[in-house]
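Novice: Handing you a structure now.
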């Protein structure tokens, strides 16, 4: 059970659920040899006293969103984001919204080429998503974030930037992507996730340096974000079940990291309120 002396987060803004046999993209960066069904997710949340969660579209599954839709339909304490094709029909998007989907994920990390989100198909998709009250949930390496962020800001849609913005590990607080992200917060339409700090050493670090320091970069970036952005623009997510890091990361560990990043329970409660307003209003 969760330790009652330390309040648990009210909401985990980044989790996954999946089946071992579900289809994945041909160029998937990893292949899953285990399942993490919704019942396991709910049990994990309950074990740690977390009441709500947001199921993130799984990068390796592409536009196959059946598992996310099943989860949010079955559990009103969950919301979700989906990966959708620009040609997705408006009625299909509305059905997703009605099921509990609150955003579309642009999963662009590890992509050799990036889509032109100023093109007519993407402008149409972003317009439809905005009309549904959705946000766009962005996952991309920090050095490639600035032009994408500029284009998304032009669209008028709300933006959630994943994984601390994936700043450049060589100069995380001064790289162009991080500076652009901080500046974009002033638009009033950008939120940043303190999620999966263990991934900050780089999108290939799990392969290149599997025993490396998982926490140093996140500790540094989180402190800076808290000072410069504040609780009204920050969200927290675990990234459970920690794909690629299952043997090194646990839910207890990510909670410990979060409490280290945000030591004041009152500030963590403010971050909860920020997330509830964004995902459950």
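Novice: Please compute the modelled spin-label separation between residue 173 and residue 219, points set 7 Å along Cα→Cβ, answer in nm with one decimal.
Specialist: Reported label-point gap for residue 219 and residue 173 is 1.4 nm.
Novice: Can you bin region 36-195 into rounded, prolate or oblate? Criterion: square roots of the alpha carbon gyration tensor eigenvalues sorted a ≥ b ≥ c, rounded for a/c under 1.5, prolate for a/b above b/c, oblate for the rest. Each step should come with its number before you reach the end.
Specialist: On the way: a/c = 1.86, a/b = 1.26, b/c = 1.48.
Taking the square roots of the gyration eigenvalues as a ≥ b ≥ c, region 36-195 is oblate.
Novice: Another question, then. Calculate the spin-label point distance for residue 227 paired with residue 264, positioning each point 7 Å from the Cα along the beta-carbon direction, and give it in nanometres.
Specialist: Inter-label distance under the simple model: 1.4 nm.
Novice: Residue 47 to residue 130: FRET efficiency via 1/(1 + (r/R0)^6), r the Cβ-Cβ distance, R0 35 Å, to the nearest 0.05? Don't skip to the end; give the middle numbers.
Specialist: On the way: r = 37 Å, r/R0 = 1.05.
Here the calculated transfer efficiency is 0.40.
Novice: Within 10 Å of each residue's Cβ, count the other Cβ atoms and sort 122, 258 from fewest upward.
Specialist: Numbers: 122 17, 258 22.
Exposure proxy ranking, most exposed first: 122, 258.
Novice: Can you sort 38, 17 by how many other beta carbons sit within 10 Å, fewest first? Before the final figure, lay out each step's value.
Specialist: Numbers: 38 21, 17 25.
Going from sparsest to densest Cβ surroundings: 38, 17.
Novice: State the antiparallel share, in %, of DSSP beta bridges confined to region 11-280, rounding to the nearest 5. Present the calculation step by step, with values, prior to reporting the outcome.
Specialist: Values: 1 of 27 bridges.
Bridges in region 11-280 that DSSP calls antiparallel: roughly 5 percent.
Novice: What percent does the relative contact order of region 1-127 come to when contacts are Cα pairs within less than 8 Å and at least six residues apart? Present the calculation step by step, with values, prior to reporting the outcome.
Specialist: On the way: 180 pairs, mean separation 28.4, N = 127.
Relative contact order here is 22 percent.
Novice: Related question: Given R₀ = 35 Å, FRET efficiency for residue 256-residue 63 by Cβ-Cβ distance, to 0.05? Before the final figure, lay out each step's value.
Specialist: Details: r = 35 Å, r/R0 = 1.00.
Taking R0 as 35 Å, the efficiency between residue 256 and residue 63 is 0.50.
Novice: For all pairs of alpha-carbon atoms in the chain, what percent lies in each bin of width 5 Å, listed from the first bin to the last filled one?
Specialist: Histogramming the chain at 5 Å steps yields 1, 5, 13, 18, 21, 19, 14, 7, 2, 0, 0 percent.
Novice: In deg cm²/dmol and to the nearest 500, what is the mean residue ellipticity at 222 nm of the chain if only DSSP H runs of at least 4 residues count, each as -39500 (n - 2.57), divided by the residue total?
Specialist: When only DSSP H runs of four or more count, the value is -11000 deg cm²/dmol.
Novice: If contacts are Cα pairs under 8 angstrom and at least 6 residues apart, what is the relative contact order of the chain in percent?
Specialist: On the way: 479 pairs, mean separation 46.7, N = 281.
For the chain, the relative contact order is 17 percent.
Novice: Related question: How do 242, 18 line up, fewest other C-beta atoms within 10 Å first? Before the final figure, lay out each step's value.
Specialist: On the way: 242 20, 18 24.
Ordered by Cβ neighbours within 10 Å, fewest first: 242, 18.
We did not get these values from a lab; they are worked out from the coordinates using the rules stated. Bear in mind that the values here come from a model prediction, so they are computed numbers and not experimental data. Cβ atoms come from the backbone with ideal geometry, glycine included; neighbour counts cover every protein chain shown.
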